[in-house]
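Asks: Below: one structure in structure tokens.
The values are calculated or read from the model by the stated rules, or taken from the named source; none is laboratory data. None of the values given here were measured: they were computed from a predicted structure. Heads up, the Cβs are rebuilt from the backbone with ideal geometry, glycines too, and the neighbour counts pull from every protein chain shown.
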Amino acid sequence: MSGADDFEEIEAYGQEKEGFLRGFLDLPNGIPSHDTFNRVFRKMEADKFESCLRAYCSEILDSLKDCQVNIDGKVLRATGEKGKKSSGLCLVSAWVSTHCLSLGQLKVSKKSNEKTAIPDLIEQIDLSGALVSIDAMGCDKQIAQQLRANQADYLLALKKNQGNLFEEIHDWMQSRKESFDQYQDIDYQGGRIENRTTYSSNDLTFIDELCGWKDAKSIIMVACERSFKNGKQASSFQTRFYISSAKKDSCFFGKATRHHWSIENQLHWQLDMVFSEDRQKVRKGHAPENMATLRKMGLQLLMKHKGKNSLKKTRKKVAWNQNLLLSVLNEF
């Protein structure tokens, strides 16, 4: 909250603000050293500390009914061993796009991938009534069944690794798209124009490969054309496909597929921009996970108080103004 990103900076902040901190803390031995902070965060059990984040979220949002929850993974790049690009800590997070709220996170085992961590994360959160969106990594029959068992709907991205299912939906929707329910959305931003058309159908009669996908009710196709006003850059075209247990129209799915990306734009990207997460080299014990939890807590408090300011500016204002800092912390 006050601009300290690593243990040495936390120690330095404590030394400069010791008088202020003594108003709230007993410090018989003064401010702990950065080595002490490091040891504590390394040994503190990550799941128990992360439960504080979930408890905070439950106080803000006691039900996820009619909310969209996005699940996605992020690699903390600087936590990896030198010379090994893929060795960084990967965390799978659950994000409520409608409330900009991080519900929780789970570490992905180095011998596994996001797909194996997602079911464990789902079990930690009461998702009843929510629409849960996951990218192609989580497009799995068991995950779909688990979400339905937890009274949540799913919206799962399809890619070619789904084999016959992808091909069936691709061929069916491409050949008959004009007969499906449609929703168009045009976005102008920074000289870039994105024209998105969402097609959806609740008629799954001819999609044999959907057998075994629990309560599947909708297939969705999103066609996105990107062009530029100056004409100097080539236009691009992309088509994405989804399946869902929700029986909704194309307008609903057009907005839901866009909202899924908020976990990238509002959570992962902001953690990098505001807290320089991808440059934090904490590597040992539980410290990487615990610091990631701390950053998510800080991000949510800043989001709640930023008003019209950027998050980076809000963080600096909190660091400079002790009264504002106390006001923000009183929300926790």
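Asks: Could you count how many residues in region 309-323 are among the small types (Gly, Ala, Ser) and either exposed (fewer than 14 other Cβ atoms within 10 Å of the Cβ) or part of a loop (DSSP other than H, G, I, E, B) (or both)?
Replies: Final tally of qualifying residues: 1.
Asks: Based on what the data block shows, is Ser175 closer than 18 Å to Phe237 by Cβ, among the small types (Gly, Ala, Ser) and either surrounded by fewer than 17 Cβ atoms within 10 Å (Cβ to Cβ) or touching a Pro at 6+ places or on another chain (Cβ under 9 Å) (or both)?
Replies: On the way: closer than 18 Å to Phe237 by Cβ: yes; among the small types (Gly, Ala, Ser): yes; either surrounded by fewer than 17 Cβ atoms within 10 Å (Cβ to Cβ) or touching a Pro at 6+ places or on another chain (Cβ under 9 Å) (or both): yes.
Answer is yes for this residue.
Asks: Which residue out of Val274, Val328 is of a type in the set (Val, Ile, Thr) and either assigned to a loop (DSSP other than H, G, I, E, B) or at pLDDT below 90 (or both)?
Replies: Val328
Asks: Cys90 versus (1) in contact with a strand residue (DSSP E or B) (Cβ under 7 Å, 6 or more places away or on another chain); (2) surrounded by fewer than 22 Cβ atoms within 10 Å (Cβ to Cβ); (3) in contact (Cβ under 8 Å) with a residue 60 or more places away in the chain: which is the lone unmet condition?
Replies: All conditions are met except number (3).
Asks: Oh, and also: Would you tally the residues in region 96-117 being part of a loop (DSSP other than H, G, I, E, B), over 14 Å from the mean Cα position of the chain (by Cα) and in contact (Cβ under 8 Å) with a residue 24 or more places away in the chain?
Replies: Total satisfying the criteria: 2.
Asks: May I pose another question? Restricting attention to region 201-242, which residues are under 25 Å from the mean Cα position of the chain (by Cα) and of a type in the set (Gly, Ala, Ser)?
Replies: Ala216, Ser218, Ala223
Asks: Another one. So for region 243-258 (the condition being modelled with pLDDT under 95 and closer than 16 Å to Leu155 by Cβ), does at least one residue qualify?
Replies: Yes, there is a match, as at least one residue in region 243-258 is modelled with pLDDT under 95 and closer than 16 Å to Leu155 by Cβ.
Asks: Can I ask one more? Look at region 247-271 and say how many of its residues are in a loop (DSSP other than H, G, I, E, B) and surrounded by 21 or more Cβ atoms within 10 Å (Cβ to Cβ).
Replies: Total satisfying the criteria: 1.
Asks: Moving to a separate point now. For region 118-235, list the strands (runs of 3 or more DSSP E) that sit wholly inside it and hold at least 2 residues that are farther than 25 Å from Val108 by Cβ and either touching a helix residue (DSSP H, G or I) at 6+ places or on another chain (Cβ under 8 Å) or at pLDDT below 95 (or both); which are they? Step through it out loud before you land on a result.
Replies: Details: elements: 131-134, 153-158, 181-189, 192-201, 218-228.
The qualifying strands (runs of 3 or more DSSP E) are 181-189, 192-201, 218-228.
Asks: Hey, does region 36-46 have a residue that's within 19 Å of the chain's Cα centre (by Cα), at pLDDT 90 or above, under 27 Å from Asp120 (Cα atoms) and in a helix (DSSP H, G or I)?
Replies: Yes, region 36-46 has at least one match.
Asks: Another question, then. Scan region 58-70 residue by residue and report those that are touching a residue at least 60 places away in the same chain (Cβ under 8 Å) and out of contact with any Phe, Trp or Tyr (no Cβ under 8 Å at 6 or more places or on another chain).
Replies: Across region 58-70, the qualifying residues are Ser63, Leu64, Lys65, Asp66, Cys67, Gln68.
Asks: A further question follows. Would you check if Leu61 is of a type in the set (A, V, I, L, M, F, W, C) and either surrounded by fewer than 20 Cβ atoms within 10 Å (Cβ to Cβ) or over 29 Å from Asp5 (Cβ atoms) (or both)? Please lay out each step first, then the result.
Replies: Working: of a type in the set (A, V, I, L, M, F, W, C): yes; either surrounded by fewer than 20 Cβ atoms within 10 Å (Cβ to Cβ) or over 29 Å from Asp5 (Cβ atoms) (or both): yes.
It is true that Leu61 is of a type in the set (A, V, I, L, M, F, W, C) and either surrounded by fewer than 20 Cβ atoms within 10 Å (Cβ to Cβ) or over 29 Å from Asp5 (Cβ atoms) (or both).
Asks: What's the number of the only condition in (1) part of a helix (DSSP H, G or I); (2) modelled with pLDDT under 95 that Gly73 fails to meet?
Replies: Status for Gly73: all satisfied but (1).
Asks: Quick one: would you say Leu27 is surrounded by fewer than 15 Cβ atoms within 10 Å (Cβ to Cβ), of a type in the set (A, V, I, L, M, F, W, C), closer than 20 Å to Leu301 by Cβ and more than 27 Å from the chain's Cα centre (by Cα)? Spell out the reasoning first.
Replies: Details: surrounded by fewer than 15 Cβ atoms within 10 Å (Cβ to Cβ): yes; of a type in the set (A, V, I, L, M, F, W, C): yes; closer than 20 Å to Leu301 by Cβ: no; more than 27 Å from the chain's Cα centre (by Cα): yes.
Judged against the criteria, Leu27 is not a match.
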